[in-house]
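The values are calculated or read from the model by the stated rules, or taken from the named source; none is laboratory data. Computed from a prediction, not measured in an experiment: that's the story for all the values here. Here Cβ is always computed from backbone atoms with ideal geometry, including for glycine, and neighbour counts include all displayed protein chains. Ligands, DNA and RNA are excluded from the accessible area calculation, which covers all protein heavy atoms including side chains. Shrake-Rupley method; radii C 1.70, N 1.55, O 1.52, S 1.80 Å.
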Amino acid sequence: MAQRQTLPVLPLRGTVIFPGLTAPIAAGRPGTLRAIEAALKGERLVFAVAQRDNTDEPTPDILYSMGVIARIGQIQRGLGGVQLLLQGEQRATALQYTTTEGYLSAVVMPVEEMKPVNEDDPSFVALHKELRERAAELGERRGLPEEVVHQVLDAVTDPGRFADLVAGYIELQPAEKQGLLETLSVEERLRRVLVHVQKQIGMLEMQEEIKSQVQEELGERQREMYLREQMKAIQKELGDDDQSKEMTELREKLNKLDLPKEARTEVERELGRLERSGRESMEAQVIRTYLEWIAELPWSNRSDDNLDLSHAQTVLDEDHYGLPDVKDRVLEFLAVRQLRAQQMENELKQTGEMSITKLKATKEDATPQLGNSASEDKPITDPKEAKARAMAKGPILLFVGPPGVGKTSIAKSIARSLGRQYVRVALGGARDEADIRGHRRTYVGAMPGRIIQGMKQGGTKNPVFLLDEVDKLGTSYQGDPSSALLEVLDPAQNDSFTDHYLGIPFDLSEVLFIATANFLQNIPGPLLDRMEVVDFAGYTEREKAEIAKKYLIPRQLDDSGLGDKNLSFTDDAVMAVISKYTREAGVRQLEQRIGAVTRKVARLIAGGDNKVIADGKIDAEEVRQLLGRPRVHPEHANEMNEVGVATGMYYTPAGGDIMFVEAAIRRLFSYGQRSSDDDKTQVSGWGNVSLILTGQLGDVMKESARAAMTYAATHASKLQIPEDRLGSIEVHIHVPQGAIPKDGPSAGTTMSTALVSAMSGRPVRKDVAMTGEITLRGRVLPIGGVKEKVLGAHRAGITTIILPKDNEADMEDIPEDVRKQLTFHCVATLDEVFEIALVPLNEAVTTQPTLMEKMEEKAETLVA
C-alpha cells in the first residue's frame, strides 16, 4: 500500500509536469524559494502541482489536488531567483495543504495508473502503435531530425510512460494538460493524447498550405511588378507620363504617412482602384480627392507644448483684463497637465530600466523558460507625444457667459501660451449631422465634416480646437449634430473618431477641445455632462473703462489711421460712452462705439479740421457731439419714496439691471365690478379680490403675484393694512417696458413689497432694490445671477440691496470696490423685507393723496 508523505509544494504557473519528464523551471517567489530550500535539506523531493489561476500568491484554493512527486536535479542561483531542473517521478494526490515556515506543504499519497486488462489486446496494441506513428510524424513536421525523434520515442516502451512523454511535449493549454495528468486509465490517456496529436498535425498541414499560397502570391506580385513596368513604358510612349508622375508623387506622399494598419489597408485598396481607373473617369476623380484628403491630414505631426505656467500667466494678462476666476481655472487646467507631462517624460527617460524590471518580475514566476511571448504594447518614445497625451487626458472646458466677455479670445490665448495651432469652428445654426461627421462618399460633392476639416486646417495632431456657440446647434430631419459631438468630446471614444467621408478611424485624443456657449439650458444633458463649465460673468463699468483704455482705444486708433496723432480719451469720455451709448455685459458694443468716435475724428482730420486734436484729448462733450444723443436710457433709482412702487433686480445675458414693480388697488362698488375674465379670489375677511397683471408677465411671475396677494391677505393685521381696505378690491400689478416679455421667480419679494405698500399706504424706500423667490408662508428662497443683478443696481444708483439669506455666500463674487459702496441685507422672511424696504407709517410724509385714495374719492362722488 502506498505510503503518505509530507512534501514542500512547488506551485507551477502556466505548465504541468508529467512523470518521467525533466523540465527547466525558474522560481523567484519567496514562498517558492523557501519550499525549494526545505526540499534541498531533505531528499530533494517536492510536490509539483499546477495553479488554476495565474496569481502571485498561491493558496490551497487555487491549486489542483493532482500533481507529481518530482526530484530537484541541477540548480543554479541568481539575483532574480533560482534556475533548476525538475524530474517528474510519480503521480500523487494532495490530501491536505498546510502553510509552514512561510511556504506551502502537502500531505500526498502516490497514485497508481490503471493498466489495461489485457495488454496484448489488438485494439490496445493498435492504439499504442498509432500514437507512436503520429507522434513521430508530428516531430518530423516540426523540423526535428528523424533519427532524433525515433531515438527519443523508442527509448520509452511502457504505454503509460509513452503517453506522458508525448503529452509533455505537445502544445496544450495548462487545463488540458492537467486533464491528461488526472486520467489514470492508460488506454483512455493514449486515446486522448492521440486526438491532441492529430489536431496538431492538422494545424501544421494548414500552416504549410497557407505558406505555399503565400509563396504563389509573392510570385504573382513579382509578375505584376514586371507588367507594371511595361505599362509605364507604354504610357510614356503614349504621352501619359504626367499621370504616372502624379500617381508616383501621391503614392510617395501616402507612404511617408504613419498610418494605422486599418487606414493603410484602405489607402492601398483605393490606390489600386485609382491605378486601374481611367484618368478622366468620374470614379478616378472621387478616389483622387479622397486620397488627397488622407495625405493632407496630420496623422503624426504634432507641435511641442510650452507648459511654462509663468509664460501662460503673462499671455493671459497681456490679452485680457480682469477675469481672475477664469484665469485661475485655466492656469489650474494647465498646471495639472504640466505635472502629467513631467510624469510621462520621467517615465520615458526610465523606459529601459522599467522594461528590465518588468522582465525580471516575469522571470520570478515558476514558469517554464521556453514558450514565453514578450509584450506587444507599443511604448511612447517621442517627448512631444508624451506631452500631447498628458494634455489630452482630462475634462473638456466649456466657457459660458454673455456675448462679448472674451470667451473666444481667451481660447486663442490658451493656444498661444501653449505654442499650439488654433482652430475655430463656428457651430451656430448647424442642423445636419454631416456637419460634424461628414458625408458618405456615395453622394456627389461629398466632403469631410468640420472636425476633420479643422484638423487639416490646423496641420498638427494636437491643436487647440474651439467649438464656438455650441448652444446654437439645431436639429432637423437630417439628424442631430449635438449627438454626433458626443463621440468627439468623449476622451474614452475620440481616439478612434470615424468620419463618414474617410471611413477610417482618426485619433482626436490629443486635441485640446474648448467649447463656448451663452445659454447652458440649450445644451443637451449628455453633451453637457462631457464638459466642465467655466462661468464668464459680465464686466463692471470700472473694468470696462480699464479694458477700453488698455486695449480697445489703442486698437481702434490704429485701425482708423490715428495711431500717430497722439490722441487719447479722457476718463469722463470713456464713462460717457459706456453708460450712455452701450448696454451689455461684455465690451463688443463698447468697441464699436469707440470705433465710431475714431472714424468720425478721422473724417474731420482728413477734411482739414484739426480743432478736435488741438489738445490731443477727446472729452465727454466731444463724444456727445460726435455720437449724437445718447442711445441707451437705463433705469435709475427713484427720486423720492413712493407708495406702491418697489425696485427689483433682473439678469439677462446682456447683464443685470433694475426694474420697477407698480401696484395699485381700488375698491369695487356695485357699478364697477369687472367681468369674470379677471382673476378673482375669495379671501377670509375680504370680499372678492380681482387681480390684474400687465407688462407681458410669464406664468412664473403671475404665480409669484398670486402668492404675494395671498400672503398680504392672510397677514393683513400684522402688515398694518387698514380694515377699510379689506373689502372687495381690485389689485393691479404692472411691470413697465411692456413690450419686453418677463418671467422668473426672483421678482416675488419685489411684488410683495409693492403690493403691501399699496395696501398699507407705507412708501417704499427709493434707495432699496431687492430680489428673491417667495412662498405662501413668507419664506424668501435663493435665486441666481446675484453678481450681475447687484452690478446693475449699483449702476442705477441703488445703495441698499436685499438678498435671500441662502445667497449670502454669492456676495464673494461681487467686486470689492462695489461691495464697499453698498449696504447688503440678507433676509429669510418677507417680514424682514418689509421692515427694511417700507417706511414706517409714523415717518411717512405724503404731500399728495395716493392712487387708491384718489379712486375712492372719485367713486364716492359718482355714487353721491
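Rg and Dmax of region 1-107, based on Cα coordinates, read 12.5, 43 Å. May I ask you to list, by number, the DSSP H helices of the chain whose Cα span along the axis is at least 20 Å and whose average Kyte-Doolittle hydropathy reaches -1.0 or more? Sorted by number, the helices that extend far enough and score high enough are 122-141, 186-238, 282-296, 324-349, 588-606, 699-714.
Between the listed residues Q222, Y551, F47, the Cα displaced farthest toward the positive end of the dipole of the chain, a dipole computed from Cβ unit charges relative to the Cα centre, is found at Y551. Close amide H contacts of F569 (hydrogens built in the peptide plane, cut-off under 5 Å, sequence separation of 5 or more or a different chain): I618. If R0 is taken as 56 Å, the Cβ-Cβ distance between V336 and D121 corresponds to a FRET efficiency of 0.15.
When both region 1-68 and region 305-331 are represented by their alpha-carbon centers, they are found 62 Å apart. Per residue, the chain reaches -13500 deg cm²/dmol at 222 nm when only DSSP H runs of four or more residues are counted, each adding -39500 (n - 2.57).
Let me know the charge dipole size of the chain about its Cα centre in debye, to the nearest 20, where only the beta-carbon of Lys, Arg (+1) and Asp, Glu (-1) is charged.
Values: 107 positive and 133 negative charges, 270 e Å.
Here the size comes out at about 1300 debye.
Please compute the length gained on full extension between E130 and N566, using 0.36 nm multiplied by the number of residues separating them and subtracting their Cα-Cα distance. Before the final figure, lay out the partial values.
Working: separation 436, 0.36 × 436 = 156.96 nm, distance 10.67 nm.
That works out to 146.3 nm of additional length.
Count charges around I410 for me, please; just the other residues with Cβ under 11 Å from its Cβ, Lys/Arg as +1, Asp/Glu as -1. The answer is +4.
Values of log10 I(q)/I(0) for the chain across q = 0.05, 0.08, 0.10 Å⁻¹ run -0.59, -0.96, -1.17, by the Debye formula with one identical scatterer at each alpha carbon and no solvent. When the listed pairs K412/K544; K253/K461; K256/K412; K256/K461 are checked against a 27 Å cut-off, the alpha-carbon distance exceeds it for K256/K412.
Region 744-781 and region 86-129 have Cα centres separated by 93 Å.
In the chain, what percent of the accessible surface is made up of carbon and sulfur (1.4 Å probe, ligands and nucleic acids excluded)?
Working: 21660 of 44310 Å².
The C+S portion of the solvent-accessible surface of the chain is 49 percent.
Between the C-alpha center of region 388-467 and that of region 797-813 there is a gap of 39 Å. Multiplying the residue separation of E812 and R706 by 0.36 nm and removing their Cα-Cα distance gives an extension gain of 34.8 nm. The residues of region 550-660 expose on average 52 square angstrom of accessible surface per residue, using a 1.4 Å probe on protein heavy atoms.
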